[in-house]
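Right, one structure below, let's go through it.
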Amino acid sequence: MLPEGFFMAARIRFPPARFAVLLIAAAAVATISPAKPATAVPVSGPPAGPPPVPPAALLPAEAVPGPPAARDVFDVATALSTSDRKAGGECADVVHGRLLGPGAVSGQGFQTAVPGGQLSELVARTPQPTDLTAWAAQARRCTRVAADDQDLPTISTTTVAAGPTVPGAQTLSYQQVLTLPGQPAELPGLRLRTVAIAADGVLVLLRDAGATDLDLDTLAVAAWQHAAPRLGR
């Protein structure tokens, strides 16, 4: 069962030791984890929820720029998430980057190292798709939020940009920077960029973390074009 939301993430290893505290705080705010084994529960009647998303809907490894890297692949239905909505108040979904709400969801995702950071992709089906236009408006109201996860204060600064143009779909593009209160200006913080595309109950989301030079808009459109025919769109 998917908890209240799903957020994707970034466990980035920066060489300087001085980033350690920031990364602990960042991990508390935005993290992605491989799936835990699901526990079988007897049910009666037909199975509920949307059709499964095949792993083939994810971008093939060769489509990701940079040298080949190992992937952590997960199934959304058993992926770790959080139901804690205390941090950030009404801005919690923005702070945590949650773009899937409660309810029946099926999907596949991966995270992989890329030059300068990490890339994650999520392809999901849900009968209650996120309104990306409304989500972007909320993100604009939550441009700077102090979160207090696991007793580690963190500042989330969010900037919304124009998403790529995809006929018949909603798009979202934003950047989040995580810092510690009073952090020296010479420390840039942890950057997370997200591009999402949604239509007809299907969501494709790409997120990079760190100092990558990825053209995330172009990569997200390619991910959408790759996933759509495999989901019968």
Inset, instruction - Those residues that are closer than 15 Å to Gln118 by Cβ and touching an Asp or Glu at 6+ places or on another chain (Cβ under 7 Å), I need them from the stretch 168-194; list them, please. - result: Arg193
Inset, instruction - Starting from residues that are free of Cβ contacts under 8 Å to residues at least 40 places away in the same chain, part of a strand (DSSP E or B) and aliphatic (A, V, I, L, M), keep the ones in the stretch 158-192 and report whichever is nearest to Ala137 (Cα to Cα). - result: Val160
Legend entry - Selection from the stretch 206-223 of residues that are within 15 Å of the chain's Cα centre (by Cα), part of a helix (DSSP H, G or I) and surrounded by 21 or more Cβ atoms within 10 Å (Cβ to Cβ): Ala220, Ala223
Inset, instruction - Considering every residue within the stretch 119-140, establish whether at least one is in a loop (DSSP other than H, G, I, E, B), farther than 26 Å from Asp75 by Cβ and modelled with pLDDT of 90 or more. - result: no
Legend entry - Verdict on Pro42 being modelled with pLDDT under 80, loosely packed, with under 14 Cβ neighbours inside 10 Å and out of contact with any Asp or Glu (no Cβ under 6 Å at 6 or more places or on another chain): yes
Inset, instruction - For Arg233, indicate whether it is basic (Lys, Arg) and in contact (Cβ under 8 Å) with a residue 40 or more places away in the chain. - result: no
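Looking at the stretch 139-172 only, could you name the residues that are polar (S, T, N, Q) and either crowded, with 21+ Cβ neighbours inside 10 Å or in contact with a helix residue (DSSP H, G or I) (Cβ under 6 Å, 6 or more places away or on another chain) (or both)?
Of everything in the stretch 139-172, those that are polar (S, T, N, Q) and either crowded, with 21+ Cβ neighbours inside 10 Å or in contact with a helix residue (DSSP H, G or I) (Cβ under 6 Å, 6 or more places away or on another chain) (or both) turn out to be Gln150, Thr154, Ser156, Thr158, Gln170, Thr171.
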Legend entry - Every residue from the stretch 128-186 that is within 18 Å of Gly210 (Cα to Cα) and polar (S, T, N, Q): Thr154, Ser156, Thr157, Thr158, Thr159, Ser173, Gln175, Gln176, Thr179, Gln183
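The values are calculated or read from the model by the stated rules, or taken from the named source; none is laboratory data. Keep in mind it's a predicted model, so treat the numbers as computed, not measured. Ideal geometry is used to build each Cβ from the backbone, glycine not excepted, and the neighbour counts take in all protein chains shown.
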